[in-house]
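Participant: I have a structure here, written as structure tokens, and I will follow up with some questions on it.
The values are calculated or read from the model by the stated rules, or taken from the named source; none is laboratory data. Predicted model, so just to flag it, every value in this text is computed and none were measured. Here the Cβ positions follow ideal geometry from the backbone for every residue, glycine too, while neighbour counts run over all protein chains shown.
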Amino acid sequence: MKRFLTFILILGILCLCWAKLTHLNELSMEAASEKTLSSLSNDKEVYAYLHVDGTNIDYPVAQHPTDDSYYLSHDIDHNESIYGAIFTERVNAKDFNDLATIIYGHATQDGTMFGTLSYFADSEFFNKNTRVTVQTQQEKISYEVFAAYSFTDEHIYHTFQLENKTNVNAYFGKIKELSVELGGNYCELKRKPTDRLLILSTCDAKDGGRRFVVHAIERERKPV
């Protein structure tokens, strides 16, 4: 009986420690993103911080004022780099108020940048990891992942003309069809016509002529 009670006590202590470490880790992640945004506030091109649960994606987001391809070959310190940076194009506003925003990053072999975005191709991972967080100087925005698949190298924003509500709603209807057709993952979520869409896009590591894309719906937006 003593051994059993000792075991229960140890198990309880371990569970308590794990809970505290998990909480501290969450606080540490939030502090890190706030610190990064604060330290980069002087660089107008770096304007947000992106975190994707279950992956190594935890990076600042940049946008060049004149060259959409700049951050394919430069890091956020403006040094030439094969890794580039995580970025958006000028079609998207920096406040994430567009009905559809696309964030880009390289699919690296070492797992940096968007090198782990393809984790969402695995159905078990897809079902367990659904949260994406974007933080700007003003707001923290939470998204819920609902689709992931390998697509052609077409420019999604221009191909589907995602600059207006009608086309974005039509694209929402197309996503399920594409997920099934292309052997991707899809989860039916409730949505309103005004819900904003976030797309994470990278090269498909299995086929360089295609893109691997993850779609998420905005769920919460609060000031920081």
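For (1) of a type in the set (V, I, T); (2) within 12 Å of L200 (Cβ to Cβ); (3) touching a Gly at 6+ places or on another chain (Cβ under 8 Å); (4) surrounded by fewer than 19 Cβ atoms within 10 Å (Cβ to Cβ), each residue gets a yes or a no:
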| site | (1), (2), (3), (4) |
| --- | --- |
| T112 | yes, no, no, yes |
| L117 | no, yes, yes, no |
| S123 | no, no, no, yes |
| T136 | yes, no, no, yes |
| I141 | yes, no, no, no |
| F146 | no, no, no, no |
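Participant: Which ones in region 173-186 are surrounded by 16 or more Cβ atoms within 10 Å (Cβ to Cβ) and either at positive phi or not aliphatic (A, V, I, L, M) (or both)?
Facilitator: Residues of region 173-186 surrounded by 16 or more Cβ atoms within 10 Å (Cβ to Cβ): 175, 178-179, 184-186.
Once the filter is applied, which keeps residues that are surrounded by 16 or more Cβ atoms within 10 Å (Cβ to Cβ) and either at positive phi or not aliphatic (A, V, I, L, M) (or both), region 173-186 yields S179, G184, N185, Y186.
Participant: Only one residue in A107, A93, A62, A85 is farther than 15 Å from H215 by Cα, in contact with a Cys (Cβ under 8 Å, 6 or more places away or on another chain) and among the aliphatic types (A, V, I, L, M), so which one is that?
Facilitator: A107
Participant: Next question, about the same structure. Does T166 satisfy the condition of being among the β-branched types (V, I, T) and within 21 Å of the chain's Cα centre (by Cα)?
Facilitator: no
Participant: May I pose another question? Hey, could you check region 177-224 for residues that are part of a strand (DSSP E or B) and farther than 27 Å from A107 by Cα and say which is farthest from the chain's Cα centre (by Cα)?
Facilitator: P223
Participant: Additional query: Kindly provide the set of residues from region 59-84 that are farther than 29 Å from R131 by Cβ and either of a type in the set (K, R) or more than 21 Å from the chain's Cα centre (by Cα) (or both), ordered by number.
Facilitator: P65, T66, D67, H78, N79, E80 - these are the residues of region 59-84 that are farther than 29 Å from R131 by Cβ and either of a type in the set (K, R) or more than 21 Å from the chain's Cα centre (by Cα) (or both).
Participant: Any residue that is at pLDDT below 95 and either under 17 Å from the mean Cα position of the chain (by Cα) or not in a loop (DSSP other than H, G, I, E, B) (or both) - is there at least one of those in region 41-58?
Facilitator: no
Participant: Can you report the number of residues in region 188-210 which are surrounded by 10 or more Cβ atoms within 10 Å (Cβ to Cβ) and over 20 Å from I102 (Cβ atoms)?
Facilitator: Of the residues in that region, 1 qualify.
Participant: Here's another thing I want to ask about it. Looking at A100, A85, can you tell me which residue is surrounded by 16 or more Cβ atoms within 10 Å (Cβ to Cβ), touching a Gly at 6+ places or on another chain (Cβ under 9 Å), modelled with pLDDT of 95 or more and small (G, A, S)?
Facilitator: Criteria check complete, one pass: A85.
Participant: Residues that are among the charged types (D, E, K, R), at pLDDT 95 or above and under 13 Å from the mean Cα position of the chain (by Cα): does region 109-132 have at least one?
Facilitator: yes
Here's the yes/no breakdown for (1) touching a Ser or Thr at 6+ places or on another chain (Cβ under 9 Å); (2) more than 30 Å from T166 (Cβ to Cβ):
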position	(1), (2)
H64	no, no
Y70	no, yes
N92	yes, no
I103	yes, no
T116	yes, yes
A121	yes, yes
